[in-house]
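> Have a look at the structure that comes next, please.
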Amino acid sequence: MEEKRADPVFSDIRTEWSWVRPAIEDILEDDEYLTFLPEDVYAACVNEQAHLWVTDDGFVVTVGEADSFSGERALLVWLAAAKEQGQGLVNVHEEFFMQAARDAGYSKLTVKSRVPKMRNYLTEMGWDIETVVYSRRVSYG
């Protein structure tokens, strides 16, 4: 029988910063398209625009988003880091974050990722792909 993991706990980024920051730096280093700094995440959490959730396995930062046309609100898993990859933590904690979304009045839970493995992992768990964004840099000269 698989051991039940503890639910994520809403946490103060100021007290968790010493280990959260390096993980955010790793995420940013791996994705050249992310334009924010670790300090932006810190400020968003301190100003209650985003929320840090911590478990023994890692952390998640969530933020609310609204569709600019329909007004539909989504709870976005903005950042997530596992201390050890391959534990299926999305599946382990999905219902917790679904309930958090319901409790806060969101109509859906969303995840954005450039990690190719996440596509198959999430769709196999029943998540839908709503959009894929492609871009190309404009060249001058």
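> Pick from T123, T131: which is over 18 Å from P8 (Cβ atoms), free of Cβ contacts under 8 Å to residues at least 24 places away in the same chain, in a helix (DSSP H, G or I) and over 16 Å from the mean Cα position of the chain (by Cα)?
Residue meeting the stated conditions: T123.
> Taking region 38-56 only, how many residues are more than 15 Å from the chain's Cα centre (by Cα) and over 21 Å from V92 (Cβ atoms)?
5
> What number of residues within region 90-112 satisfy the criterion of being among the aliphatic types (A, V, I, L, M) and touching a residue at least 60 places away in the same chain (Cβ under 8 Å)?
1
> Among the listed residues V54, V115, identify the single one that is under 26 Å from S18 (Cβ atoms) and in contact (Cβ under 8 Å) with a residue 12 or more places away in the chain.
After applying the criteria, what remains is V54.
Each reported figure results from applying straightforward, stated rules to the coordinates on display, with no laboratory input. Quantities reported herein were computed from a predicted structural model and do not represent experimental measurements. Counting neighbours? That spans all protein chains shown, and the Cβs are built from the backbone with ideal geometry, glycine included.
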